[in-house]
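Peer 1: After the structure tokens below, expect a handful of questions from me.
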Amino acid sequence: MTTLTIPTVSRPAASPAQRNLLRDIRIVMTRELKPVLRDPFSLLFGMIQPLVFLGLFGPLLRGSMGAAFGDGVWQWFVPSILVMTTLFGTSTTGANLLSEFQTGAHERMMVTPLSRSSLLIGRALKEMVPLFGQALIVIAVMTPFGFDLHVDGAVIGLALLAVFGIGLGAFSYALAIAVRKQDWLFWVVQQTFLFPLMILSGMLLPLETGPGWMQVASKFNPLAYLVDAERALFAGDVSSTAVLWGWLAALITAAAGLTVGIRTMLRSAA
């Protein structure tokens, strides 16, 4: 009797370089989270800060634009708050680096065998950990007020924010290195870019009612595509074209941020 042998298909193992990168990211991320966990008050304050903004700005938006949104004003605004939280959190990644320049901690990290990209990715992902907690709190609080949760879209939406946050955090890291001798310039540049990006993304108010030049300018703002994608995902429309454009914008931002960040880091160490 002939025995048939069914070949098994094994999943290709991760290369040593991939395993080392993931290990390095975990090390950097753990190192960056330890000071946060030692200060639970600031962590809790950061967790409820989006709720304060929802409670103060949300009713104004509902009163002035309620006719345009109907009963879906929270479905439109809650994803915006999560994007805004990501924007504020990851754009200040370089601020912690500025203090490390003064203590010499950054130079000590540069002589370790950690990969340079892990220093950028680990720091940015550290900022995403509180965001995930904030997202859970916001969703839990807003659901009784009419926010309709779609779990699959929400999970994809948070992953999309993480990818975008890596790129933005890398840009912030590069900015901190560039202005390390005049650290006050970090906040000047960060604030100069932050608020135009927010306004031209339609995050707080719809751009459809704005002037034509703002609508044209928003086409060149990657954050606008991210906001549209998050609204589609949290509405459960995971196959929307807006989601595809959002992923494209996030991946381009991540690739550009890591490229600029790594090059700036290597030049500073030369």
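The values are calculated or read from the model by the stated rules, or taken from the named source; none is laboratory data. These figures come from a predicted structure and were not determined experimentally. Here Cβ is always computed from backbone atoms with ideal geometry, including for glycine, and neighbour counts include all displayed protein chains. All accessible areas refer to the heavy atoms of the entire protein, side chains included, with ligands and DNA or RNA removed. Shrake-Rupley method; radii C 1.70, N 1.55, O 1.52, S 1.80 Å.
Peer 1: Sort out which residues of the range 190-217 are of a type in the set (Ser, Thr, Tyr) and surrounded by fewer than 20 Cβ atoms within 10 Å (Cβ to Cβ), and write them in order of number. It would help to see each step written out before you state the result.
Peer 2: Of the range 190-217, the ones of a type in the set (Ser, Thr, Tyr) are 192, 201, 209.
If the condition is that a residue be of a type in the set (Ser, Thr, Tyr) and surrounded by fewer than 20 Cβ atoms within 10 Å (Cβ to Cβ), then 192, 209 are the ones that fit.
Peer 1: From the residues in the range 88-115 that are touching a Leu at 6+ places or on another chain (Cβ under 7 Å) and in a helix (DSSP H, G or I), which one is nearest to residue 45 (Cα to Cα)? Outline the logic, then answer.
Peer 2: Of all residues in the range 88-115, those touching a Leu at 6+ places or on another chain (Cβ under 7 Å) come to 89-91, 94, 106, 109, 115.
Remaining after also requiring in a helix (DSSP H, G or I): 89-91, 94, 106, 109.
Values: 89: 13, 90: 17, 91: 18, 94: 21, 106: 28, 109: 30 Å.
If we take residues in the range 88-115 being touching a Leu at 6+ places or on another chain (Cβ under 7 Å) and in a helix (DSSP H, G or I), then 89 is nearest to residue 45 (Cα to Cα).
Residue-by-condition table, conditions (1) within 22 Å of residue 57 (Cα to Cα); (2) touching a strand residue (DSSP E or B) at 6+ places or on another chain (Cβ under 7 Å); (3) in contact (Cβ under 8 Å) with a residue 60 or more places away in the chain:
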| residue | (1), (2), (3) |
| --- | --- |
| 201 | yes, no, yes |
| 205 | yes, no, yes |
| 213 | no, no, no |
| 231 | yes, no, yes |
| 240 | no, no, no |
| 246 | no, no, yes |
| 256 | no, no, yes |
| 261 | no, no, yes |
| 264 | no, no, yes |
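Peer 1: So is residue 217 at pLDDT below 90 and either of a type outside the set (D, E, K, R) or not in a loop (DSSP other than H, G, I, E, B) (or both) or not? Spell out how you get there, then give the answer.
Peer 2: Values: at pLDDT below 90: no; either of a type outside the set (D, E, K, R) or not in a loop (DSSP other than H, G, I, E, B) (or both): yes.
No: the conditions fail for residue 217.
Peer 1: Within the range 136-153, work out how many residues are buried (at least 19 other Cβ atoms within 10 Å of the Cβ) and of a type in the set (A, V, I, L, M, F, W, C). Before you say what the answer is, go through the steps one by one.
Peer 2: First, pick out the residues of the range 136-153 that are buried (at least 19 other Cβ atoms within 10 Å of the Cβ): 138, 142, 147, 153.
Next cut, of a type in the set (A, V, I, L, M, F, W, C) only: 138, 142, 147.
Result for the range 136-153: 3.
Peer 1: Just to be sure, is residue 170 open to solvent by 70 Å² or more (accessible area, probe 1.4 Å) and touching a residue at least 60 places away in the same chain (Cβ under 8 Å)?
Peer 2: Numbers: open to solvent by 70 Å² or more (accessible area, probe 1.4 Å): no; touching a residue at least 60 places away in the same chain (Cβ under 8 Å): yes.
Spelling it out, it is not the case that residue 170 is open to solvent by 70 Å² or more (accessible area, probe 1.4 Å) and touching a residue at least 60 places away in the same chain (Cβ under 8 Å).
Peer 1: OK, next. Specify the residue that is modelled with the highest pLDDT; the eligible residues are those in the range 173-189 that are open to solvent by 10 Å² or more (accessible area, probe 1.4 Å) and aromatic (Phe, Trp, Tyr).
Peer 2: 187
Peer 1: Only one of these is part of a helix (DSSP H, G or I) and either open to solvent by less than 30 Å² (accessible area, probe 1.4 Å) or on the phi > 0 side of the Ramachandran plot (or both): 264, 259, 253. Name it.
Peer 2: Values: 264 fails: either open to solvent by less than 30 Å² (accessible area, probe 1.4 Å) or on the phi > 0 side of the Ramachandran plot (or both); 259 fails: either open to solvent by less than 30 Å² (accessible area, probe 1.4 Å) or on the phi > 0 side of the Ramachandran plot (or both).
Of the residues listed, the single one that is part of a helix (DSSP H, G or I) and either open to solvent by less than 30 Å² (accessible area, probe 1.4 Å) or on the phi > 0 side of the Ramachandran plot (or both) is 253.
Peer 1: Continuing with this model, one more query. Filter the range 123-135 down to the residues that are aliphatic (A, V, I, L, M) and closer than 27 Å to residue 174 by Cα, then identify the one that is surrounded by the fewest Cβ atoms within 10 Å (Cβ to Cβ).
Peer 2: Taking the range 123-135 first, the residues aliphatic (A, V, I, L, M) are 124-125, 128-129, 131, 135.
Next cut, closer than 27 Å to residue 174 by Cα only: 124-125, 128-129, 131.
Working: 124: 33, 125: 22, 128: 24, 129: 17, 131: 24.
Here the answer is 129.
Peer 1: Which number in (1) of a type outside the set (A, V, I, L, M, F, W, C); (2) closer than 15 Å to residue 166 by Cβ; (3) in contact with a Ser or Thr (Cβ under 7 Å, 6 or more places away or on another chain) marks the one condition that residue 201 misses?
Peer 2: Single failed check for residue 201: (2).
Peer 1: Further question: Can you pull out every residue in the range 220-237 that is assigned to a loop (DSSP other than H, G, I, E, B) and either closer than 19 Å to residue 165 by Cβ or of a type in the set (A, V, I, L, M, F, W, C) (or both)? Lay out the reasoning, then the answer.
Peer 2: First, the residues of the range 220-237 that are assigned to a loop (DSSP other than H, G, I, E, B): 220-221, 235-237.
Those that are assigned to a loop (DSSP other than H, G, I, E, B) and either closer than 19 Å to residue 165 by Cβ or of a type in the set (A, V, I, L, M, F, W, C) (or both): 220, 221, 235.
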